[in-house]
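What follows is a short report on a single structure.
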Amino acid sequence: MIKVNSRLKPIFAIVLLLVAFLFSGCETDSPEAPAPLTAAVQADKKGVGPKRPVSAYHNKTLAKIRQATAQYHDVATAMAHGYAQSGECVYSPMGGMGYHYVNFMLVNDVVDPSKPEALLYEPQKNGKLKLIGVEFIVDAVAWDATHAGSPMLGDQVFDDHRAPGSPGPPLPHYQLHAWVWKNNPTGMHQPFNPTVSCAYAVE
């Protein structure tokens, strides 16, 4: 047992409180600090979840997307960088996508994790828009002219939207969603997210 001089007891108590505080941590919840980013999920019978690559390389790609788009939590910054609202808030029985803010100057045959062609925003009860994910869009005509296969983001192959009438931009294209700012329980790259709502959309 440590004996403390009675005159030093108040000081000793303060030191103990400070040490306890430092070791307890002081993290706070923030809409811009979601859970650690990873494409991995709980294993199913086949060992991996739906459309979720689990390689370190792919997770680094997703981290690069988040780092590049963190500035766009402020939709005004996104608009200043060439993104503009395209269409209404998207929702279906499978889930939602929210509002698409697209920079059509980026729609070409280049896949750059730091420059997604579209940003996805979910309308909030307070009237603000919350960044929830991104969408990559590749011009299929330009891509197919110089590539034998579909484009990829990290280890994930893009969805093929070359058929006439495919949803999305009115041109043959490949697209891929990445829910880097809001968890999608059905898959990191699934088009619809069942946790996304358009209930507070203003059309």
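The values are calculated or read from the model by the stated rules, or taken from the named source; none is laboratory data. The structure presented is a predicted model; accordingly, all values stated were derived computationally and were not measured. Every residue, glycine among them, receives a Cβ derived from its backbone with ideal geometry; neighbour counts consider all protein chains shown.
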- Limited to segment 158-183, what total is found for residues that are modelled with pLDDT under 95, touching a Leu at 6+ places or on another chain (Cβ under 8 Å) and not in a loop (DSSP other than H, G, I, E, B)? 1
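Could you go through segment 124-135 and let me know if any residue there is β-branched (V, I, T), in contact with a Ser or Thr (Cβ under 7 Å, 6 or more places away or on another chain) and without any contact (Cβ under 8 Å) to a residue 60 or more places away in the chain.
Looking only at segment 124-135, we keep the residues that are β-branched (V, I, T), and these are 132, 134.
Going one step further and asking which of them are in contact with a Ser or Thr (Cβ under 7 Å, 6 or more places away or on another chain), we end up with 134.
Checking which are without any contact (Cβ under 8 Å) to a residue 60 or more places away in the chain leaves us with none.
Checked against the condition, which is being β-branched (V, I, T), in contact with a Ser or Thr (Cβ under 7 Å, 6 or more places away or on another chain) and without any contact (Cβ under 8 Å) to a residue 60 or more places away in the chain, segment 124-135 yields no hits at all.
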- Query: Within the set of pairs 6+ apart or on separate chains, which have a first residue in segment 55-84 that is over 17 Å from F136 (Cα atoms), a second that is of a type in the set (V, I, T) and surrounded by fewer than 19 Cβ atoms within 10 Å (Cβ to Cβ), and C-beta atoms under 8 Å apart?
  - Reply: Q71/T77
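Which residue out of K130, K115 is at pLDDT 95 or above, among the charged types (D, E, K, R), in contact with a helix residue (DSSP H, G or I) (Cβ under 9 Å, 6 or more places away or on another chain) and assigned to a strand (DSSP E or B)? Working first, answer last.
Details: K115 fails: assigned to a strand (DSSP E or B).
The conditions single out K130.
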